[in-house]
Structure formats: structure tokens, C-alpha cells
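Remarks on the structure that follows.
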Amino acid sequence: MSEITKNDFELVIAGADLNCYNVARAFHEAYGTVAYAFGRYEIGCTKHSKIIKFTTVSDFDEPEVFVKTLLDFARSHTDKKLILIGCTDDYAGLIIKNKSALEEKYIMPYIEEELWHKLQSKANFYKECDKSGILYPNTKIIASDYDKAILDNLGFDYPIIIKPSSSILYWKYPFDGMKKVYWAKTPTEAEKIIDEIFASGYPDEIILQDTIPGADSCMRVLTAYCDKNSKVKMMCLGHVLLEEHTPKAIGNHAAILTEDNEELCAAFKTYLEDIGYRGFANFDIKFDERDNTYRAFEINLRQGRSNYYVTASGCNIAKLIVEDCLGGGLSDIIYGKDAFWHIVPKKIIYSYLTEHPDIKKRIHALVKSKREFSSYFYKYDLKNNPKRLFYALAYTFNHFKKFRKYR
């Protein structure tokens, strides 16, 4: 079979955020492609870029508009095969739920809708974990008609974590003071947060969860890719060194160091293959020092926002998709190699790693060996492109202000 080139396909992305840019960069590095992206509004991540052609589409998150926009694009690009990638939970869900309308025109490496319904809510994901032996934090799940007495008898201590079971639905009901995740120190505080979320109109369940102690550096992120035969062909485990701290971005990765953990990867490999998974899966995991276990928080049914750490590790996500969907298929499973990825200045990272000299030492070694990567500092996109360079610098150094405010 002849080698696949950029002349054989077009990349179409649903989204406009860092995830979108990371995907576009991976494809450009591997094939020289310029991606077409669609979203409700343009943001800095994808502005003034030479590797993305972005189009703003009002109500792009509405199913009818979503499908029409993509089919209209396909009708005007009939000379190449089209690969469609979603870069948010909402857009990935829209792709999955509208596969029958899009599959004649687009290649879409995603699970079927039945499995999506089982996994897209955290409550359902935890039920699947129970079946497979995947550990997760002690949890209570409540609906809007919950018995408030439960808050005094959770079976685990305060402070607790409070978060929506469905992120997709949650963000469709905005309200003042909205956060990605909440912490409650007392039952009274928990009741106030819960009632405020339900009062917004949010219709799904809410997760009440044991707070696993430890800093951001106790977190792990695991990205896997399953081929068309639902076999895991790539796994990349990242040790999260720092997360963003702003209210609506809590939990977003700011710095990742790849690492090996054969036992942990094996457990999730078995899980994905047992459920017949397809495409990218992204797990948020935390190490619980109380019993030396790793506990999963959620599964993202797509590549994660910080997916460039995977490409940086030697597992270019574009090559996985193209070889699986257009090429001769993927052979043996591959694992990520040493890489240090970050979107914040190293000075900020070091300030949060004062008790981890071993990690600092490894970072220094990777920087020295040129295994340091940052999504926005892509030489091709910055060369003779002052607006893009200004954005990359401003975005990076604005984190000093953010971390001072939300320590």
C-alpha cells in the first residue's frame, strides 16, 4: 500500500480550544495538513494560526446545525476522505449520536451510541468500574429529590468533592459562581452548593465524593487508543505535576511528565478491550496515599485537552488515526516515552514542587536532552507570525497572575 499523504484526506475538527490546537498540530507535524475547524466562537487558542482554518458557526452545538454544517462542508470537499474529530465532550457526543447521518461522508473513530450512554455520565462510569474492578473514590450519587439527611451520613468525612455527573448537561445551565468542581467543608455548605446547581435547571445526577488527599502532583492522566477491532494500540501515562486553579478550569492539566506503570496500564487496557471501546479514551486518576491505590475520577470519550503530551512522547495521535482508518492498520501496542509537557512557565511549576527534588531533577534532565514541549510554541506557526507569537507569550505569562490569584 502506498504511503498516505496530506493529499489523501482533510482533517475536520469540532472545537476551538487547546484540544483543537493540539490535534491540528499533531496532524500538521505528521502530514503537513492544515485543519478545518468549526465552533460557536473563536478563541485565542486557534486565532492567527497557520495550521487551522477556523469558521464560527452560531449554535454549532445544536444537532441540526452541527450536522448541516458538516454535510455542507463535505459536499464542497469531495476530492478527499474526511476525518472528523471532536474536541469537547459535547462535540464528541454529537459526532457519536449523529454517526448515521455523517458516516457516508466522514471517518469517525468513536464508540457507538449505546456505549456512549453508559459512559458519558460519571454515575454510569462508576457502575462500569464496579464490574471491572477499576477503583474510584468513595462516592454517593444523588438526584434533585435527594433526602438531605444523606449529607450527614455519607460514609466518608468532610470536606467532600461535589461535581455534576454529566459535564455536557451541566455547562448548558450557567449560573453565577459556576465552577467545574466544588468542595464543601460541612453538610450545610454541601446542601447550599447542591441546591444551587439543581436550581439552575441542571437535570442530571450530582456526585458527592471522598476527597483524596494530596496536591496536583498526585494526579495521573492516562490516554489510550483502541483500533477498529477494539484492541488497545497505544497507551501514554502522564504524571500531572500541576493543574490550573481558576474556578472554571480546575483540573485542566498545566504540566505533565510521562511515566511508566505497567500494572496500572494493564488494568485499563483490559477494561477498554472488555467493553469494546473504539478511538481515544482519556482517564483522570489520582494516587491515594492512604492505601497506595490509584482511583479513577472519570473517562473522557475523546482525546484529552492536554493531548499534545501524547504526541510529544512519541505517540503522534494523528498517525494513530490515519494508519488505523486509512492505512494498513496498527500492529503492536506502543507506549509513550520520556517527555515533559507544560503550558505554564517552569518557574510556576517549580514553586509547586518544592517537596519533589527527584521530579525537578528529572525535568532538568529532559529539558537538557530537548524532551521539553509546549503546545503553543510551534516554530512553524510562530515564524513570521507576530500575532500568533504575541498570543503564545501573553497566554503563557498570564499564568503568573492567575496562580497568584488562585493559589
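The values are calculated or read from the model by the stated rules, or taken from the named source; none is laboratory data. Just so it is clear, the structure is predicted and the values come from calculations on it, not from any experiment. Positions of Cβ are generated from backbone atoms using ideal geometry, with glycine treated the same way; all protein chains shown enter the neighbour counts. When the accessible area is computed, the model is the full protein with side chains, heavy atoms only, and any ligands, DNA or RNA have been set aside. Shrake-Rupley method; radii C 1.70, N 1.55, O 1.52, S 1.80 Å.
For TYR277, state whether it is aromatic (Phe, Trp, Tyr), outside any strand (DSSP E or B) and under 20 Å from the mean Cα position of the chain (by Cα). So TYR277 passes the test.
For the criterion of being farther than 18 Å from ASN300 by Cα, touching a Cys at 6+ places or on another chain (Cβ under 7 Å), crowded, with 16+ Cβ neighbours inside 10 Å and among the hydroxyl-bearing types (Ser, Thr, Tyr), THR46 passes. Among the residues of segment 131-145, the one identified as of a type in the set (Val, Ile, Thr) and open to solvent by 50 Å² or more (accessible area, probe 1.4 Å) is ILE141.
Residues in segment 290-330 that are under 28 Å from GLU10 (Cβ atoms) and free of Cβ contacts under 8 Å to residues at least 40 places away in the same chain: GLY314 only. Being farther than 27 Å from ILE96 by Cβ, touching a residue at least 12 places away in the same chain (Cβ under 8 Å) and either open to solvent by 30 Å² or more (accessible area, probe 1.4 Å) or β-branched (Val, Ile, Thr) (or both): is that true of PHE377 here? Here the answer is yes, as PHE377 does meet what is asked.
Assessment of segment 270-290 against the conditions (under 27 Å from TYR21 (Cα atoms), at pLDDT below 95 and open to solvent by less than 40 Å² (accessible area, probe 1.4 Å)) yields no matching residue. Scanning segment 165-180 turns up at least one residue that is closer than 24 Å to TYR277 by Cα and not in a helix (DSSP H, G or I).
Specify which of the listed residues (ARG295, ARG290) is in a strand (DSSP E or B) and over 17 Å from SER167 (Cα atoms).
ARG295
Among residues of segment 2-24 that are under 21 Å from VAL67 (Cβ atoms), those with a beta-carbon under 8 Å from a residue that is charged (D, E, K, R) and not in a loop (DSSP other than H, G, I, E, B) at least six positions away or on a different chain give the pairs PHE9/LYS81; GLU10/LYS81.
Of the helices (runs of 4 or more DSSP H) that lie entirely inside segment 299-399, those containing 3 or more residues that are under 27 Å from GLU262 (Cα atoms) span 308-312, 317-325, 357-368.
Per-residue answers, yes or no, for (1) hydroxyl-bearing (Ser, Thr, Tyr); (2) open to solvent by 20 Å² or more (accessible area, probe 1.4 Å); (3) assigned to a strand (DSSP E or B):
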| position | (1), (2), (3) |
| --- | --- |
| ALA190 | no, no, no |
| ILE207 | no, no, yes |
| ALA224 | no, no, yes |
| LYS233 | no, yes, yes |
| LEU237 | no, no, yes |
| VAL240 | no, no, yes |
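Within segment 155-183, being touching a strand residue (DSSP E or B) at 6+ places or on another chain (Cβ under 8 Å) and open to solvent by 80 Å² or more (accessible area, probe 1.4 Å) holds for ASP157, TRP183. Among the residues of segment 252-264, is there at least one that is part of a strand (DSSP E or B), within 26 Å of ASP130 (Cα to Cα) and out of contact with any Pro (no Cβ under 8 Å at 6 or more places or on another chain)? Looking through segment 252-264, none of the residues is part of a strand (DSSP E or B), within 26 Å of ASP130 (Cα to Cα) and out of contact with any Pro (no Cβ under 8 Å at 6 or more places or on another chain). Against the criterion of being surrounded by 15 or more Cβ atoms within 10 Å (Cβ to Cβ), of a type outside the set (Phe, Trp, Tyr) and assigned to a loop (DSSP other than H, G, I, E, B), ILE212 qualifies.
Scanning segment 146-154 finds no residues that are among the basic types (Lys, Arg) and surrounded by 15 or more Cβ atoms within 10 Å (Cβ to Cβ).
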